[in-house]
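Before any comments, here is the structure.
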Amino acid sequence: MDPDIARVLVESAVKIALFFFILLTVVAYMTLVERRVSAWIQDRQGPNRVGPLGLLQPLADGIKFLFKEEVTPPHVYRPVYLLAPMLIFVPALVTFSVIPIGPALELFGQRVRLQIADVDNGVLVILAFASMGVYGIALAGWSSSNKYSLMGALRSSAQLISYELAMGLSIVGVLMAAGSLRLNDIVQHQIEHGWNLIWQLPGFLIFLTAAFAETNRLPFDLPEAETELVAGYHTEYSGMRFSMFYMAEYANMVTASALAVTLYCGGYHVPGLHLLRLPEPAAALVQVLAFGLKVGFFLFLYVWVRWTLPRFRYDQLMNLGWKVLLPVAVLHILWVSFLVLMNWT
């Protein structure tokens with residue numbers, strides 16, 4: 001094999017393994033963060049027994065799920081029933097692969113990007129993979145042969161269709177300003193012209209609201225409204241199959257938070273960092289840490305909102321998506337068009 005091809009394959013394998021290890025670690029510990037923050041909001045202790053400060057709780061939960069009995073009801077349509085969790089979990093992980101978490105570095109004589117896949121149409125890749133999650137939810141509800149699961153799946157399909165329109169239109173303003181679908185170009189445009197959060201605040205608020213709905217988090221968790229639908233589309237799942245639905249929700253939260261940071265908050269950009277004249281590796285490390293802190297803020301916001309706001313009724317959910325967010329998103333595109341025409345962004 002050509003040495004250059006072998007080097008590229010090894011670098012890609014190491015990069016993919018490292019990225020997914022970090023992503024899965026963050027997803028696992030988000031379960032602990034969720035429980036500790038909710039305990040803090042409700043003036044409780046939360047999990048603090050397993051390991052120092054309860055830091056080994058996600059490991060204990062993972063071991064428990066591995067050995068937990070998986071019960072498959074006899075009335076399910078087995079092929080689709082087994083496939084549905086993977087249709088949700090795999091796209092949730094793959095979507096993160098096109099998001100840059102830091103600048104390019106000079107390593108071993110090669111320019112290496114801190115990104116698994118630097119594709120020209122990265123925004124479209126993210127939207128395409130994100131929309132695949134509804135197939136897993138719909139098939140999980142249908143294959144369970146359970147009317148409550150099916151109703152939860154139908155709710156999810158309607159909800160995702162409603163809010164994907166608003167989310168897509170909110171991103172159009174960012175693409176118009178940057179003139180590119182490539183995420184690195186969007187970050188670079190914000191480095192040169194200021195964060196999109198400043199110029200496109202309405203679009204950011206629309207995107208953030210739609211992201212809550214897309215990840216089925218409170219106050220938009222109608223597909224799994226426990227009081228009405230037992231547990232929603234995953235009622236008939238147990239063991240590791242149930243945990244795949246559970247972990248996919250947190251993986252989608254991480255990806256949505258990273259996308260919000262990339263599109264509106266400058267990505268890995270740290271204002272004024274160039275004034276410190278740090279060496280390239282040190283500057284890159286600071287930028288990666290800054291990216292992580294920004295993502296961490298949005299993840300905390302997800303948890304904070306869940307344990308603060310009540311769940312919407314289904315008619316309120318649909319009215320917000322179609323009668324409020326969609327018209328405001330169209331007006332936002334007109335506003336960004338004016339900004340681009342006047343060369344202000």
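The spread of Cα positions in the range 78-341, taken along each principal axis and listed from longest to shortest, comes to 61, 44, 33 Å. Measuring gaps between exposed loop sites in the chain (trypsin sites (Lys or Arg not before Pro); DSSP loop; at most 14 other Cβ atoms within 10 Å), the longest gap, sites not included, is 69-276. If a/c stays under 1.5 just call it rounded; otherwise compare a/b with b/c (prolate if a/b is bigger, oblate if not). Do that for the range 210-345, with a ≥ b ≥ c from the square roots of the Cα gyration tensor eigenvalues. The shape class here is oblate.
Working from Cα pairs under 8 Å separated by at least six residues, relative contact order for the range 78-341 is 27 percent.
Against the main long axis of the alpha-carbon atoms of the chain, helix 57-67 sits at an angle near 50°. Dipole magnitude for the range 118-223: computed about the Cα centre from +1 point charges on Lys and Arg Cβ and -1 point charges on Asp and Glu Cβ, it is near 460 debye.
Anyone know which of Ile137, Ile88, Ile63 comes out most mobile in the 10 Å Cα GNM of the chain? With Cα springs under 10 Å in the chain, the top fluctuation among Ile137, Ile88, Ile63 is at Ile63. Between helix 147-178 and the chain there is an angle of about 10 degrees, using the helix long axis and the longest principal axis of the Cα atoms.
Could you state the number of Å between the C-alpha centres of the range 237-288 and the range 122-175? Going from one Cα centre to the other spans 22 Å.
Comparing Trp307, Trp40, Trp335 in a Gaussian network model of the chain (Cα springs below 10 Å), the most mobile by mean-square fluctuation is Trp40. Taking the longest Cα principal axis of the chain as reference, the axis of helix 183-193 is set at about 50 degrees.
FYI, it's all coordinate maths here, none of it is from the lab. All values reported here derive from a predicted model rather than from experimental measurement. Reconstructed Cβ throughout: ideal geometry from the backbone, glycine too, with neighbour counts over all protein chains shown.
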